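To keep things clear, I will list the structure first and then write my remarks on it.
The values are calculated or read from the model by the stated rules, or taken from the named source; none is laboratory data. Keep in mind that this is a model prediction, so the values were computed, not measured. Cβ placement follows ideal geometry from the backbone for every residue including glycine, while neighbour counts extend to all protein chains displayed. With ligands, DNA and RNA removed, areas are computed over all heavy atoms of the protein, side chains included. Shrake-Rupley method; radii C 1.70, N 1.55, O 1.52, S 1.80 Å.
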Amino acid sequence: MKGIFTALINTFNSDGSPNLNALKKVIDYNINVCGIDGLYVNGSTGEFFNLPHEYKKEFLLATAEHVNDRVDIIAQIGGNVIEEILELADVAAECNYNAISAVTPYYSVYSTDEIIAHYFKIADYSKLPLIIYNIPIRTGVVLTRDNFKTLLAHENINGVKFTSNDFFLLDNVRGDFPDKLLFSGFDEMLLSATVLGTNGAIGTTYNIAGHWAKNIFNAVQASDIPTAQIWQRKMNHVVGTLLNSGGFLSTIKAMFEIYGIENCGGCRLPMAPVGDKQRETAAYVVDYIKKNN
């Protein structure tokens, strides 16, 4: 697995239940229009933190069925309830996902030993390889180089989704484990991370600008940094605009409605519904992408 993976949005009906018809159209847009290499399902972009367990299973099943081996798929199954995590690991294996991923346990202050034991339990149980989801800005957990050495030495822990701006650590992990998968997570840092030898990236804006991300990644692979810079700056303008929209995910969903995917829905409570500012921003970003392709 390598290249550009979209952190897939999940789509909802007005009552917050899964809208699987809209989800299929979003998947097709990612594959057919953005040309992405894979999908990362039920991650932060998929609002896993606000999803009932049964909805997580529905989205995993529906995505795998509709993708039908067209691209690689990774199932984010992490959380704090180990029984639910292991059940989702089984669902992912039954649906022929390529790998599972798990966010670091959060909210409580867990010890390093507890976190490592948590990952080892998942890795020992899973029929699929595990990719650690490292996102300290959300979890408050800062894994060290020694922590990664311990975790990645496990035969069934196959890589890291590295959503951090600690590029010194990123480079050390790459050097320590040249054969493990290493995906960057911040869209605005794709170019810099790729230069350090990542295998690809997993990002939110790739839902609507995955082709730009591929341009950045491929240009770096070809040692064409000036071209990569051009596309990264365009990507960064989109990222910055979305961050100032008052609703990053809801603005992306409003963009999909402009693209003709009706009833894409907003985000689940307690996140706010799509408002006028998000719709206005969505229209601007759609126009910006069209003019800058």
Listed residues PRO226, PRO270, PRO129, most fluctuating in the chain (Gaussian network, C-alpha, under 10 Å): PRO270
Sum up the charges of everything whose Cβ sits under 14 Å from the Cβ of GLY247, counting Lys and Arg as +1 and Asp and Glu as -1, but leave GLY247 out. 0
Cα centroid distance between the stretch 238-293 and the stretch 86-117, in Å? 30 Å
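What is the calculated FRET efficiency for GLU94 to LEU269, with r their C-beta to C-beta distance and R₀ = 41 Å, to the nearest 0.05? Kindly include the intermediate steps, with their values, before the conclusion.
Numbers: r = 30 Å, r/R0 = 0.74.
So the FRET efficiency works out to roughly 0.85.
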Give me a comma-separated list of calculated 3J(HN,Hα) values for the stretch 272-287, in order, Karplus coefficients 6.51, -1.76, 1.60 applied at θ = phi - 60°, integers in Hz, x for any Gly or Pro. 6, x, 5, x, 4, 5, 5, 5, 5, 5, 4, 4, 5, 5, 4, 5
At a probe radius of 1.4 Å, what is the per-residue accessible area of LYS277, in Å² to the nearest 10? 110 Å²
Arrange the residues ASP171, ASP28, ASP179, ASP113 by how much accessible surface each exposes, largest first, with a 1.4 angstrom probe. ASP179, ASP113, ASP171, ASP28
Sequence-distant residues sharing a close amide H with CYS267 (under 5 Å, placed H): VAL274
Kindly write out, for the stretch 192-201 in residue order, the coupling ³J(HN,Hα) from the Karplus curve 6.51 cos²θ - 1.76 cosθ + 1.60 (θ = phi - 60°), rounded to whole Hz, with x marking Gly and Pro. 4, 5, 5, 4, 7, x, 5, 7, x, 8
Using modelled amide H (1.01 Å from N, peptide plane; none on Pro or chain starts), what sits under 5 Å from the amide H of VAL103, excluding residues fewer than 5 places away? ILE77, GLY78, GLY79, TYR133
Measuring with a 1.4 Å probe in the full set of protein chains, what accessible area per residue, in whole Å², belongs to the stretch 93-206? 43 Å²
Show me, for the stretch 116-123, the HN-Hα J-couplings you get by feeding each phi into the Karplus relation (A = 6.51, B = -1.76, C = 1.60, θ = phi - 60°), rounded to Hz, glycine and proline as x. 5, 4, 4, 5, 5, 5, 5, 5
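Please give the per residue accessible area of the stretch 1-63, computed with a probe of 1.4 Å over protein heavy atoms only, in Å². Present the calculation step by step, with values, prior to reporting the outcome.
Values: 2030 Å² over 63 residues.
So the stretch 1-63 comes to 32 Å² accessible per residue, rounded to a whole number.
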Which whole-number percentage describes the relative contact order of the chain, with Cα contacts under 8 Å and a sequence gap of 6 or more? 20 percent
ILE225-SER17 pseudo-label distance in nm [points 7 Å out on the Cα-to-Cβ vector]: 5.4 nm
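Excluding PHE49 itself, what net charge comes from residues whose Cβ is under 10 Å from its Cβ, given Lys and Arg +1 and Asp and Glu -1? Display every interim value, and only then the final one.
Values: positive: ARG138, ARG268; negative: GLU47.
Surrounding charge for PHE49 is +1.
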Using +1 at the Cβ of each Lys and Arg and -1 at the Cβ of each Asp and Glu in the chain, identify which of ASN10, ILE77, ALA62 lies farthest towards the dipole's positive end. ASN10
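Give, as a single signed number, the net charge of other residues whose beta carbon lies under 15 Å from the beta carbon of ALA89, with Lys and Arg counted +1 and Asp and Glu -1. Walk me through the numbers before you get to the answer.
On the way: positive: LYS56, LYS57, LYS121, LYS127; negative: GLU83, GLU84, GLU87, ASP90, GLU94, ASP124.
Counting the neighbours of ALA89, the net charge comes to -2.
Return the calculated 222 nm mean residue ellipticity for the chain, to the nearest 500 deg cm²/dmol, obtained by summing -39500 (n - 2.57) across DSSP H runs with n ≥ 4 and dividing by the residue count.
Working: 12 runs with 142 residues, N = 293.
Calculated mean residue ellipticity at 222 nm is -15000 deg cm²/dmol.
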What do you get for Rg/Rh over the chain if you use C-alpha atoms and the Kirkwood form of Rh? 0.94
Filter the GluC sites (Glu not before Pro) in the stretch 51-159 down to the DSSP loop ones having no more than 14 other Cβ atoms within 10 Å, then list what survives. GLU155
Considering only protein heavy atoms and a probe of 1.4 Å, how much of the accessible area of the chain is carbon and sulfur, as a whole percent? 49 percent
